[in-house]
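Please read the structure below before turning to the comments.
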Amino acid sequence: VSFILFLIQNLWIGAMNPRGSNRTTILPSKNQTKLANGETEVHHRPKRGWIWNQFFVLEEHMGPEAQYVGKLHSNSDKGDGSVKYILSGEGAGTIFIIDEVTGDIHATKSLDRERKTHYVLHAQALDRNTKEALEPKSEFIIKVQDINDNAPKFPDGPFVAMVPEMSEVGTSVLQVTATDADDPTYGNSARIVYSILQGQPYFSVDPKTGIIRTALANMDREAREHYTVVIQAKDMAGQVGGLSGSTTINITLTDVNDNPPKFPQKNYQLYVPESAQVGKPVGKIKANDEDLGINADIKYSIINSEGANMFSISTDRDTREGILSLKKPLNYEKKKSYTLHIEGMNTHVDPRFSYLGSFKDTATLKITVGDVDEAPVFSMDYYIMEVYENAPIGTEVGTVTAQDPDIKNSPVRYYLDIKEEGERYFKIDESHGIIRTIQPLDREDMPWHNITVMASDVDNPSLLSHVPATVQVLDVNDNPPEIATQEEGIVCESSRPGQVIQTVTAMDKDDFANGQRFSFALPSHLPVNPNFTLKDNEDGTASIIARRRRFSHLTQELYELPIVVWDNGEPSLSGTSTLTLRVCPCQRHGRVRMCQGEAFLSSAGLSTGALIAILLCIVILLAIVVLFITLRRSKKEPLIISEEDVRENVVTYDDEGGGEEDTEAFDIIALRNPAAAEELKFRRDVRPEARQHCGPPRTCQSPALELDEVDVHEFIKQRLVEADTDTSVPPYDSLQTYAYEGQGSPTGTISPLDSPGTQSEQDYNYLDDWGPEFQKLAELYEEAESEIMT
């Protein structure tokens, strides 16, 4: 085939170049003239031509010998071999070779136009002997001649396309484009024609543009959804011998609403127990639609009144089922079956397909109501009863009735809900439902009672029904009226006879019918009140009127006025209330000037709020003073004044002694009894116990009289040694002072330091032995002790 193409190519080149354009062409110069017949007239001194046209070489040459390209020739070549031709440039010496003597050019390799379309070379003619250039270096081009060696290709295949079902013939689906690497400017190698290899008779393709269109009307997605189309692209304008390529297009028909919903069957049956709850689903029904997505959405409805009154239907968006629910309770005893006409209709209808008919369907559903053992049903949903307060125990309040709705009509038992508060006041007859009181009722304590009555079948006590009942306690006139206020009334000292002192009202715990109309009067069994009288205003109020002038709070400050109040109930009740009237000085127009404790505040010009503020300030100041004194007492000054020298320092105490009553400051017994001091060497903070030696009655002696006579100088010296050797004291000298009264008095000391702890244990009779000067003192002590004991 390549050889035949080569021959055809050479023949075509020869036809295009009848005179051999691959040879040197001497173009007209300034010394030549081109005649009208195409010949050239040479003038004197002609100039040789060294200008080259293009050379052509066929691509993909597969012959055994090198392919002849063309010939170089110079006008200086006489054919004696004196001219040497030289070739340089792209591919010179490797792809293209030249005969140095003849100037013939050959291609030694097979060329591919799709890789390189042309080569640029340079030619030169030299004198073989002198090496001089006979012709200047000239540039020329060798163009690779194209052959049809590349098939068309679809770079983007395979393809996926979609088209709506039921589309008209000629509806555009997709455009495909193929490419050919051959030269589109040379021959028909790149001229492509499209054709369909697979997909007929459903689709067609435009031969020139590659547009794929529908070729069959009313293609139904529900019948066939996917199609595979193979398109071929062929070069050489589709002629025999042209190369071709193909691609695949997967076409899917998209859905349109061209199918109405259909119920699988026309009649359905459903069993629903009468105990089914209102609003809860009781069944499902579904119509099928072959379409997809929103085209298959269905709305269900009940089109007959019998079914629409008792049932409702809705659409489940996920399953597209009709969900049937109850609108009202079922009652097997009243109606045992229902017939429903259900319609299913598309919600999105395409008007283009209205000619196919209505997009809806109907079905009949027969519902059978099942009998269920039910709880008793009360005759009313709510009971309101009345009973008078204070009615005798066992008084009938009302009656509730319930009946078993089932066919067997079982007997009913009644109960009161034990959780309700009303059980403390009422009871119910189990067989007849009569409610009675079990204790007296007080309207003023609880005017309404809410109870719950329960009823159950005797045959099935677990089935209970409840009904609320309200008992209103009716009023009887059992509460006497009384004055509404308990506050004191004010009587001005300047009151005049006939002046209204105060207007009083009454109140009654009974209701409006018996307790809101009152009559007032002063007690008839009491003498006439000389100070005040009472006027009934006949509007539920009464006025207290002064009967004299000039009241004085200094003479009498308080007056008590009893008032009798009647109501107009049946029977009428009365009550007596005592109103306290206080006399107070008043300013003009009856304004009270001062009364009781208010006089102090009024005279001082201070209000209650100001007095509270002053007291609060005083409390704060006292708290500050107490805090200051406490902090000052708790402050301790250091025993050592100077920290530099801790030796021979005098410790200063700013405490004042308590005199002879201060028995805790120093133990003076240690001064008079060194033997006892030896035992208290390290416990000087503990006062030694003083023992009394009593003889006959009234002859107790002081311990100081029995102390052994000791040399005081020896005692002080001994104490000094103890102080020097004592390791429990601080490392500084201490000053100890001892006051010694001495001895010699026959009566001993009278200091209270050695006296007994309590006065009740003291016997003062021994003072008589001290002389007449102490008798008076003994009498005084005995009188004081007798008064204390008394």
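The values are calculated or read from the model by the stated rules, or taken from the named source; none is laboratory data. Here the structure is a predicted model, which is why all the values come from computation and not from measurement. Using ideal geometry, Cβ is built from the backbone for each residue, glycine included, and neighbour counts are taken over all protein chains shown. The accessibility values were calculated without ligands, DNA or RNA, using every heavy atom of the protein model including side chains. Shrake-Rupley method; radii C 1.70, N 1.55, O 1.52, S 1.80 Å.
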### Message
Which of the three applies to the range 377-474, rounded, prolate or oblate, going by the alpha-carbon gyration tensor with a ≥ b ≥ c and a/c under 1.5 meaning rounded?
### Response
prolate
### Summary
For the range 149-162, Karplus-derived ³J(HN,Hα) couplings (6.51, -1.76, 1.60; θ = phi - 60°; whole Hz; x for glycine and proline) come out as 10, 10, 7, x, 9, 9, x, 9, x, x, 10, 10, 9, 9
### Query
Hey, can you rank 126-133, 170-177 by average C-beta count inside 10 Å, highest first?
170-177, 126-133
### Task
With no solvent and one equal point scatterer placed on each C-alpha of the range 54-145, evaluate the Debye formula and give log10 I(q)/I(0) for q = 0.10, 0.12, 0.24, 0.25 Å⁻¹, two decimals.
-0.26, -0.37, -1.17, -1.24
### Summary
Surrounding charge for LEU522, neighbours by C-beta under 15 angstrom, Lys/Arg +1, Asp/Glu -1, total 0
#### Entry: For the range 458-580: relative contact order, % (alpha-carbon pairs under 8 angstrom, 6 or more apart)
31 percent
### Subset of LYS334/LYS419; LYS280/LYS335; LYS78/LYS109; LYS280/LYS427; LYS109/LYS208 violating a 30 Å alpha-carbon distance limit
LYS334/LYS419; LYS78/LYS109; LYS280/LYS427; LYS109/LYS208
### Message
Translational diffusion coefficient of the range 325-381 at 10 °C, 1.306 mPa s, Stokes-Einstein with Kirkwood Rh over Cα pairs, in µm²/s as a whole number.
### Response
103 µm²/s
#### Entry: Area of TRP566 that stays accessible when all protein chains are in place (1.4 Å probe, Å², to 10)
100 Å²
## Note on the structure
The distance between the Cα centres of the range 464-529 and the range 80-100, in whole Å, is 148 Å
### Cα-centred dipole magnitude for the range 482-584, charges only on beta-carbon of K, R (+1) and D, E (-1), debye, nearest 20
740 debye
#### Entry: Scattering curve values for the range 215-343, log₁₀ I(q)/I(0), Debye with Cα scatterers, q = 0.09, 0.14, 0.17 Å⁻¹
-0.47, -0.76, -0.94
### Message
Please give the Cα centre distance for the range 220-281 versus the range 565-584, rounded to the nearest Å.
### Response
99 Å
